[in-house]
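Below is one structure, written out as structure tokens; the observations come after it.
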Amino acid sequence: MARSSAPSSPAKEPGRMKQMGQVFQMTRRNDKAALPLMLLWTILPVVAGILLAAFVSSGNIIGQVLYVIAGIMGGILGFLLVLGRRAERVAYRQISGQPGAVGAVLKSALRRAWQAGEMPVAVSPRTQDAVYRAVGKPGVVLIGEGPRSRTKRMLEDEQRNVKRIVPNVPVHIIHVGPDADSVPLEKLPKSITRIKKAISKAEVYAVSNRLNSLSKASSLPIPKGIDPTKARAPKPR
């Protein structure tokens with residue numbers, strides 16, 4: 001008998017509602033305060049809509065219906081907003097302490113006004129500590145990922161490098177790590193966006209492009225061949 005050559009159909013991705021259910025279950029398991037908050041912000045708008053329908057639009061059927069519908073829609077919106085915030089916090093807690101966690105947060109949580117990537121600008125090959133860079137209206141923000149005792153020197157070196165390339169731009173330093181005075185990973189986006197603005201949007205792109213171009217130029221590998229510092233003159237015959 002001939003073997004069937006038909007390829008097996010790929011597994012279907014879960015639908016939007018199923019994905020939302022998975023996010024809800026994950027958040028509820030890892031955040032005990034999530035469910036009460038979601039219920040609170042779901043019930044409050046509905047109750048407010050019913051009260052407005054009863055007292056403001058008394059005798060007006062259309063107004064009452066509209067107030068109740070608005071309350072229900074507000075409850076759904078409140079539920080989704082709280083779910084998104086708490087799920088994001090749970091996700092940050094799960095990846096906290098892992099190499100590359102800061103890069104993931106910078107890529108997903110910062111707005112378009114910021115120029116930041118998930119790749120670090122400096123990495124310690126022995127400890128996997130890293131330094132990340134974000135450029136926005138406050139200037140240049142350097143984020144150290146790892147214990148403060150190990151990332152302090154890396155941050156200072158990168159700060160000197162940035163000031164050499166763009167001397168008139170403010171440079172800010174943030175530590176993300178296990179130290180008591182470090183910024184928790186889940187609060188990193190808020191800590192960055194709270195910094196006072198100092199440059200314009202056009203200057204943000206100019207500074208980012210200049211840092212990226214000069215950083216790439218300085219990191220180009222040395223071509224293989226004869227090392228001119230070790231080359232010897234030919235012996236006379």
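Given K163/K197; K107/K190; K18/K187; K163/K201; K32/K152; K152/K190, which pairs have Cα atoms separated by over 24 Å? Walk me through the intermediate numbers first.
Numbers: K163/K197 18 Å; K107/K190 14 Å; K18/K187 28 Å; K163/K201 19 Å; K32/K152 36 Å; K152/K190 22 Å.
Over 24 Å apart, Cα to Cα: K18/K187; K32/K152.
Nearest 0.05, what FRET efficiency do K152 and D31 give at R0 = 30 Å with Cβ-Cβ as r? All intermediate terms of the calculation are to be shown ahead of the outcome.
Details: r = 33 Å, r/R0 = 1.09.
The computed FRET efficiency comes out at 0.35.
For a label point 7 angstrom out from the Cα of M119 toward its Cβ, which stretches of the stretch 130-162 have the backbone nitrogen within less than 15 Å?
Output list for this probe position: 131-134.
Between Q128 and D181, what length comes free when the chain is fully extended (0.36 nm per residue of separation minus the Cα-Cα distance, one decimal in nm)?
Numbers: separation 53, 0.36 × 53 = 19.08 nm, distance 2.07 nm.
My answer for the length gained is 17.0 nm.
So if each residue of separation counts as 0.36 nm, and I subtract the Cα-Cα distance between V47 and Y205, what length gain in nm does that give? Mind dumping the intermediate values first?
Working: separation 158, 0.36 × 158 = 56.88 nm, distance 4.74 nm.
Separation in residues times 0.36 nm, less the Cα-Cα distance, equals 52.1 nm.
Could you give the length gained on full extension between L40 and R111, defined as 0.36 nm per residue of separation minus the Cα-Cα distance, in nm? Mind showing how you got there, number by number?
Numbers: separation 71, 0.36 × 71 = 25.56 nm, distance 2.87 nm.
Fully extending the segment from L40 to R111 adds 22.7 nm.
Read-outs: derived from the displayed coordinates by stated rules, not from any lab. If you're wondering where the values come from, they're calculated on a predicted model, not measured in any experiment. No Cβ is skipped: glycine too gets one built from the backbone with ideal geometry, and neighbour counts run over all protein chains shown.
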